[in-house]
Amino acid sequence: MRFIHIADVHLGAVPDKGYPWSEEREKEIWRSFQRVICQVGRTEADLLLIAGDLFHRQPLKRELKEVNYLFSTIPDTKVILMAGNHDYLKKDSFYQRFPWNPNVYCLWGKECGKVCLEELDTCIYGLSYYSQEIREPLYDHIRPVRTEGCTNILLAHGGDERHIPIHRELLQVAGFDYVALGHIHKPGKILGHRGAYAGALEPLDRNDTGQHGYVLGECNSSGTTIQFVPFACRSYIPLIITVDPEDTQLSVETEIRREIQESGRDNIFQIFLEGFRDPDLEFVLPDLYKLGNIVEVLDDTQPDYDFQTIREKYEGSLIGEYVAHFMEKDRTIIENKALYYGLRALLGEE
């Protein structure tokens, strides 16, 4: 039995609102979902497991029609849905009243229910959110009914203090052949091949660095095997630019352009400036944002002071004593920052 496991698609999200690429990113999330449905068809997957937060907020009826149409294009695949903390089941949610295609199965219960697919010898267990927070570890004591030859899968969403805390050691011994997890946007195995977070299909903000995509898996008599498949249109990439005292505004801009070109201009970047710069140089950060899809620029460079010269020049003054205090000891990282920031303030550079 072959499956594709996705989670945290967040249809309707508008990443990086206010930035020039934001509107396009909203559309890309929908396009990625459409592409993954096509991939389900191409791989002839028996199951599509959606582990919560298909939508970023309460879905509109017209949006559910679009999603349902896409599900209709893979009629030989059973689609299993649950609601996460973002698209939780409000009293007036369209989710529950919507007339889904025959190949779509919804785990809408507050308590654990199951969908049994006899033709696949598979049972899928799970529940849905009815509020934005669930602090109880609801998955700790869920156990499948063991039947010879039957594959048991848990569809789950959570993993932090406010969203169904998950204890891996209990899931390890629960008896599921696979645990399809959502909520954590970074993909990764938590139970070897028997449990994984699919991660967000597309990265949603600057914290969603690394690869994003879906899990492709297979359950058979030999056990479960899974692999992560990168699939996102773009990535958030942190770029560390190391500065030295010979650098200028233009030389740093040239280096940032080169790094962006090598990493792929369509990606979205965080720029981190570090190292030592000429004390007379102050970077014009707004100009750096114009070099590409840059969501953040952080300048952690320090002026390349000649402390001995400053100490001698200001000997007998507060500045001289301040520098001497730090020069006569092995400085920690925090003390080193205190020296630089304090000296800048004393020299009137802040």
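Residues that are under 19 Å from the mean Cα position of the chain (by Cα) and closer than 18 Å to residue 153 by Cα were ranked within the stretch 41-87; the one that is surrounded by the fewest Cβ atoms within 10 Å (Cβ to Cβ) is 84. The requirement of being touching a residue at least 12 places away in the same chain (Cβ under 8 Å), aromatic (Phe, Trp, Tyr) and not in a strand (DSSP E or B) is satisfied by residue 33.
Applying the criterion of being part of a loop (DSSP other than H, G, I, E, B), among the hydrophobic types (A, V, I, L, M, F, W, C) and open to solvent by 40 Å² or more (accessible area, probe 1.4 Å) to the residues of the stretch 167-188, the residue that is nearest to residue 47 (Cα to Cα) is 184.
Scanning the stretch 189-222 for residues that are open to solvent by 30 Å² or more (accessible area, probe 1.4 Å) and either assigned to a strand (DSSP E or B) or among the charged types (D, E, K, R) (or both) yields 189, 193, 194, 205, 206, 209, 216, 218, 220. Is it the case that some residue within the stretch 19-32 is within 20 Å of residue 209 (Cα to Cα) and among the aliphatic types (A, V, I, L, M)? Yes, that holds for at least one residue. With respect to the conditions (1) of a type outside the set (A, V, I, L, M); (2) surrounded by fewer than 18 Cβ atoms within 10 Å (Cβ to Cβ); (3) outside any strand (DSSP E or B), residue 225 lacks only one, and its number is (3). When 316, 275 are checked against the criterion of being exposed (fewer than 12 other Cβ atoms within 10 Å of the Cβ) and either at positive phi or among the β-branched types (Val, Ile, Thr) (or both), 316 stands alone in meeting it. Quick check on the stretch 108-127: of everything there that is in contact with a Ser or Thr (Cβ under 8 Å, 6 or more places away or on another chain) and surrounded by fewer than 20 Cβ atoms within 10 Å (Cβ to Cβ), which residue is nearest to residue 143 (Cα to Cα)? Filtering the stretch 108-127 for residues that are in contact with a Ser or Thr (Cβ under 8 Å, 6 or more places away or on another chain) and surrounded by fewer than 20 Cβ atoms within 10 Å (Cβ to Cβ), the one nearest to residue 143 (Cα to Cα) comes out as 116. Of all residues in the stretch 278-288, those being over 15 Å from residue 344 (Cα atoms) and surrounded by fewer than 16 Cβ atoms within 10 Å (Cβ to Cβ) number 4.
The values are calculated or read from the model by the stated rules, or taken from the named source; none is laboratory data. Bear in mind that the values here come from a model prediction, so they are computed numbers and not experimental data. Here the Cβ is made from the backbone with ideal geometry for all residues, glycine too, and neighbour counts use every protein chain on show. Protein only, heavy atoms only, side chains kept; ligands, DNA and RNA dropped before computing areas. Shrake-Rupley method; radii C 1.70, N 1.55, O 1.52, S 1.80 Å.
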